1. Inspect region 371-379 for any residue being outside any loop (DSSP other than H, G, I, E, B) and out of contact with any helix residue (DSSP H, G or I) (no Cβ under 8 Å at 6 or more places or on another chain) and give the result as yes or no.
2. Among Thr134, Thr148, which is in contact with a helix residue (DSSP H, G or I) (Cβ under 9 Å, 6 or more places away or on another chain), hydroxyl-bearing (Ser, Thr, Tyr), within 24 Å of Ala229 (Cα to Cα) and in contact (Cβ under 8 Å) with a residue 60 or more places away in the chain?
3. Only one of (1) of a type in the set (Gly, Ala, Ser); (2) farther than 23 Å from Ala35 by Cβ; (3) away from ligand 2 (no atom under 11 Å from the Cβ); (4) under 19 Å from the mean Cα position of the chain (by Cα) fails for Ala283. Which number is that?
4. Just give me the residues in region 293-312 being within 16 Å of ligand 1 (Cβ to nearest atom) and closer than 19 Å to Phe197 by Cα, in sequence order.
5. Taking Glu384, is it among the acidic types (Asp, Glu), in contact with a Lys or Arg (Cβ under 6 Å, 6 or more places away or on another chain) and farther than 30 Å from Phe51 by Cβ?
6. Inside region 43-77, can you point out the residues that are under 25 Å from Val303 (Cβ atoms), touching a Gly at 6+ places or on another chain (Cβ under 9 Å) and of a type outside the set (Ser, Thr, Tyr)?
7. Go through Phe238, Phe261, Phe179 for me and flag whichever is of a type in the set (Phe, Trp, Tyr) and over 18 Å from Cys138 (Cα atoms).
8. Collect the residues in region 191-227 that are of a type outside the set (Gly, Ala, Ser) and within 13 Å of ligand 1 (Cβ to nearest atom), keeping them in residue-number order.
Amino acid sequence: MSFRVALRPARAQALKATSLRVAGVQSRFLETSAAASELIGTLPEKGDEEFKVKLSNDTFHSYRCDPPSLEVSTTKDKMIELYSQMTLMRRMEQACDALYKAKMIRGFCHLAIGQEAVAVGMESAINGDDRVITSYRCHPFAVLRGGTVKGVIAELLGREDGMSKGKGGSMHIFTPSFFGGNGIVGAQVPVGAGIAFAQKYLGNKTVTFAMYGDGASNQGQVFEAYNMAKLWNLPCVFVCENNKYGMGTSAERSSQNTSFFTRGDQIPGIQANGMDVLSVHQACKFAKEWTTSGKGPLVLEFVTYRYGGHSMSDPGTTYRTRDEIQRMRSTQDAINGIKIYLNNWGILNDKETKNIDKAAKAEVEQAVTEAKESKPPGLEKFWEDVYFKGTEPPFMRGRTQDEIKYF
Ligand SMILES: Cc1ncc(C[n+]2csc(CCOP(=O)(O)OP(=O)(O)O)c2C)c(N)n1
Ligand SMILES: [Mg+2]
């Protein structure tokens, strides 16, 4: 797939009409607009009453399987929830950005600004019995999978109210249904297959979403995990968040095949618009049904875009132009996309969406205040959580040879 896909320039119409072959399986460009879906019929009165939306014809590409249906069922309440969650996630990440720049957050920090539709859309299609594991961009999942904004921010600040008691930091945040946050490129993918193995072994009708970036897609362990998952038909969805770049390199420069959804060999794949939250929802719903009905694993590629660099220490402008970033922000922003749906379909007016944004900002500000009030963990706390409680060895060495803790 070409990079032009994500840019969806003015000539997208002409390109779509052209017959193109990508990896021998595709003939059309993928839609990457955040607001290309259409309301079917009229809107119901009640907030919890279902209505239907038609996704753009080019929302999905598929490999060795039929694509998901283009008809999505949703409700007004769900649409408002999606918008609220996405604005909250962005406000949280913006606060992290500011705290990092103020040198209050130290070490690594990766922000998901631009990619909010992926985490929020996925969460809307799965439940707490399903499992998610990801790499660096983990803050939204940590909140959506049972954590709190305060818990994430306090963790990044290294405070004891943090989700890992201030001892982990970014990428080291977990909940019972979220296995982190992982910093070694690709390493979480086989772990995800292992979690899916446990789900199959225990006979649970649940699924694991093992996420990785385009920059991790050439790792050998990704293919080893694919192999075992298909061999044993594990309920594992391998999710490639294709934001077009790794850490300083474009996917085109690093990958001989940038159609990441076709890379599973015998494993079917779906490529989906990762900027439209409804497309993400539909793709994840499809993936959950596919894997939990015993069909084995699936590769799911979301075409998305991050506005910032790989991490706070990457300006993100040495391997792509400022113009490109600006164009993506102004024409394909995921939050703006759902706001357009809410406004155009008459679910919320402009003032109401603004109020939601204001509430998200206030919630994050409150979380930052509370997180800052929390103290760093005392030194004695560093002896805890190394071993599972009750399984500690008789003693443990500290930073120096004479620093010994007897349990
Ligand atoms: C095994 C390993 N090699 C290299 C690195 C350094 N590194 C960190 S991120 C990254 C590229 C990540 O690209 P991608 O997965 O596309 O991430 P994103 O676009 O979300 O930033 C690299 C090479 C690492 N963390 N682990
Ligand atoms: Mg990437």
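1. Looking for residues that are outside any loop (DSSP other than H, G, I, E, B) and out of contact with any helix residue (DSSP H, G or I) (no Cβ under 8 Å at 6 or more places or on another chain), one finds at least one in region 371-379, hence yes.
2. Unique residue meeting the criteria: Thr134.
3. Only one criterion is unmet by Ala283, namely (2).
4. Listed by number, the residues that qualify are Val299, Leu300.
5. Spelling it out, it is not the case that Glu384 is among the acidic types (Asp, Glu), in contact with a Lys or Arg (Cβ under 6 Å, 6 or more places away or on another chain) and farther than 30 Å from Phe51 by Cβ.
6. Answer for region 43-77, where residues must be under 25 Å from Val303 (Cβ atoms), touching a Gly at 6+ places or on another chain (Cβ under 9 Å) and of a type outside the set (Ser, Thr, Tyr): Lys52, His61, Arg64, Cys65.
7. Exactly one residue qualifies, and that residue is Phe261.
8. Met211, Tyr212, Asp214, Asn218, Gln219, Gln221, Val222
Each value in this text was obtained by applying a stated rule to the coordinates, not by laboratory testing. As the structure is a computational prediction, the values presented were derived from the model and not from experiment. Here the Cβ is made from the backbone with ideal geometry for all residues, glycine too, and neighbour counts use every protein chain on show.
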